[in-house]
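The values are calculated or read from the model by the stated rules, or taken from the named source; none is laboratory data. Please read these numbers as outputs of a predicted model, since none were measured by experiment. Glycine gets a Cβ as well: all are built from the backbone with ideal geometry, and neighbour counts include every protein chain shown.
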């Protein structure tokens, strides 16, 4: 303890007072309680909605936020278990105001698991994590092409080809979908599988 101006002051009290003063200064500079301009989006529980996001300019309808949900179910592939999904979410203030802002799923694929014997492919789209990676590209020839991928898409063709083998081969090669800025048309890419039967866009084959 020390005597200052006739008052007995505890050093611990002084330290606490200084800390409280500093905290008040920091709070005043960093906390913004204005929520009117916040934009919030919400997806299904367990879908990992928001795992990937990208801002996107659509030439027909304006700006969007694209959101990946790699553990989500798809409204276009109801026979599949959690294949993942891609959503477009509006950045325009809705009227009347609703929270969260509206989002809608982008149709990338409307088929379930497919069997393509000529291509030596049997799809396993269940739990493929579509939306785990998401990019948008802009250059002189492309106006905001979007690529979204699922790294756990698998090919079961070789399992069914040799069902009696002790060790069967499942190939989790991954899949991607590429679409233009207006989300149509959509091209499916299987980079580790596609050969002469490639569904890749012409400019990617060169």
field: Selected residue (criterion: surrounded by the most Cβ atoms within 10 Å (Cβ to Cβ)) from residues of region 157-191 that are within 18 Å of residue 127 (Cβ to Cβ) and at pLDDT below 80
entry: 159
Residue 108 being under 20 Å from residue 150 (Cβ atoms), at pLDDT 95 or above and in a loop (DSSP other than H, G, I, E, B): yes
Positions within region 192-202 being at pLDDT below 55, in a loop (DSSP other than H, G, I, E, B) and out of contact with any helix residue (DSSP H, G or I) (no Cβ under 6 Å at 6 or more places or on another chain), in sequence order: 196, 198, 199, 200, 201
- request: Kindly check whether there is at least one residue in region 38-57 that is on the phi < 0 side of the Ramachandran plot, assigned by TED's automatic domain parsing to the domain that holds residue 178 and more than 20 Å from the chain's Cα centre (by Cα).
  value: no
field: Residue within region 93-100 that is touching a strand residue (DSSP E or B) at 6+ places or on another chain (Cβ under 8 Å) and touching a residue at least 24 places away in the same chain (Cβ under 8 Å) present
entry: no
- prompt: Can you find even one residue in region 121-139 that is touching a strand residue (DSSP E or B) at 6+ places or on another chain (Cβ under 7 Å), more than 23 Å from residue 170 (Cα to Cα), without any contact (Cβ under 8 Å) to a residue 24 or more places away in the chain and not in a loop (DSSP other than H, G, I, E, B)?
  reply: yes
task: Among the numbered conditions (1) in the same structural domain as residue 180 (by TED's automatic domain parsing); (2) in contact (Cβ under 8 Å) with a residue 40 or more places away in the chain; (3) in contact with a strand residue (DSSP E or B) (Cβ under 7 Å, 6 or more places away or on another chain), tell me where residue 154 comes up short.
output: (2)
message: Here is a check on your reading of the model: is residue 75 surrounded by fewer than 19 Cβ atoms within 10 Å (Cβ to Cβ) and assigned by TED's automatic domain parsing to the domain that holds residue 137?
response: yes
task: Considering every residue within region 86-103, establish whether at least one is buried (at least 21 other Cβ atoms within 10 Å of the Cβ) and assigned to a loop (DSSP other than H, G, I, E, B).
output: no
